[in-house]
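**Student:** One structure, as structure tokens, below. Some questions next.
The values are calculated or read from the model by the stated rules, or taken from the named source; none is laboratory data. Keep in mind the model is a prediction, meaning the values are calculated, not measured. Reconstructed Cβ throughout: ideal geometry from the backbone, glycine too, with neighbour counts over all protein chains shown.
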Amino acid sequence: MKRVIDISEEVLENLYKGKRVEGAMRCNELTGEVTFRAYRRKSRSGMHRDRLVCQLENGWLKESPTRLKFFNSVKKDLGIPMTQVVMERELKTAMHEAEVERILENY
């Protein structure tokens, strides 16, 4: 017994290229047709990577298309007052680098 499966041209091209295609196969009870519909997922190759603005002593500052991302990690052994001083210094350094970067972009 042979069955015909309805597959779009795009999915067929991807299969010929040896790519893996994820989707759902359905059978219509009235007509008996079997159809395959591929999931429409974004490829990972198109994902935007964050750009490193500056590497800090205990972290980093990165820029994405919509956000500035600041990360800082300090050992607990320093104590609360010293941790606060270190984090504030790192934040000031990161913001200074962001301002310089913005000025250079507009230059």
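**Student:** Can you name every residue in segment 41-71 that is charged (D, E, K, R) and not in a strand (DSSP E or B)?
**Tutor:** Within segment 41-71, Arg41, Lys42, Arg44, Arg49, Asp50, Glu57, Arg67 qualify.
**Student:** What do you reckon, is Glu88 assigned to a helix (DSSP H, G or I) and out of contact with any strand residue (DSSP E or B) (no Cβ under 6 Å at 6 or more places or on another chain)?
**Tutor:** Details: assigned to a helix (DSSP H, G or I): yes; out of contact with any strand residue (DSSP E or B) (no Cβ under 6 Å at 6 or more places or on another chain): yes.
Yes; evaluated as a whole, the condition is true for this residue.
**Student:** Is it the case that segment 47-56 has a residue that's of a type in the set (A, V, I, L, M, F, W, C), touching a residue at least 12 places away in the same chain (Cβ under 8 Å) and more than 30 Å from Lys92 (Cα to Cα)?
**Tutor:** No, that holds for no residue.
**Student:** Do we find that Gly23 is surrounded by 12 or more Cβ atoms within 10 Å (Cβ to Cβ), free of Cβ contacts under 8 Å to residues at least 60 places away in the same chain and of a type in the set (Gly, Ala, Ser) in this structure? Spell out how you get there, then give the answer.
**Tutor:** Details: surrounded by 12 or more Cβ atoms within 10 Å (Cβ to Cβ): yes; free of Cβ contacts under 8 Å to residues at least 60 places away in the same chain: yes; of a type in the set (Gly, Ala, Ser): yes.
Yes, satisfied.
**Student:** Looking for whichever is surrounded by 10 or more Cβ atoms within 10 Å (Cβ to Cβ) and either assigned to a helix (DSSP H, G or I) or modelled with pLDDT of 95 or more (or both) here; the options are Val74, Val100. Which one fits?
**Tutor:** Numbers: Val74 fails: either assigned to a helix (DSSP H, G or I) or modelled with pLDDT of 95 or more (or both).
Sole residue among the options that is surrounded by 10 or more Cβ atoms within 10 Å (Cβ to Cβ) and either assigned to a helix (DSSP H, G or I) or modelled with pLDDT of 95 or more (or both): Val100.
**Student:** Give me the residue from segment 6-40 that is under 23 Å from the mean Cα position of the chain (by Cα) and outside any strand (DSSP E or B) and, out of that set, nearest to Lys62 (Cα to Cα).
**Tutor:** Here is the first cut: in segment 6-40, the ones under 23 Å from the mean Cα position of the chain (by Cα) are 19-23, 38-40.
Keeping just the survivors that are outside any strand (DSSP E or B) gives 19-22, 39-40.
Values: Lys19: 33, Arg20: 33, Val21: 34, Glu22: 34, Tyr39: 32, Arg40: 30 Å.
Among those that are under 23 Å from the mean Cα position of the chain (by Cα) and outside any strand (DSSP E or B), it is Arg40.
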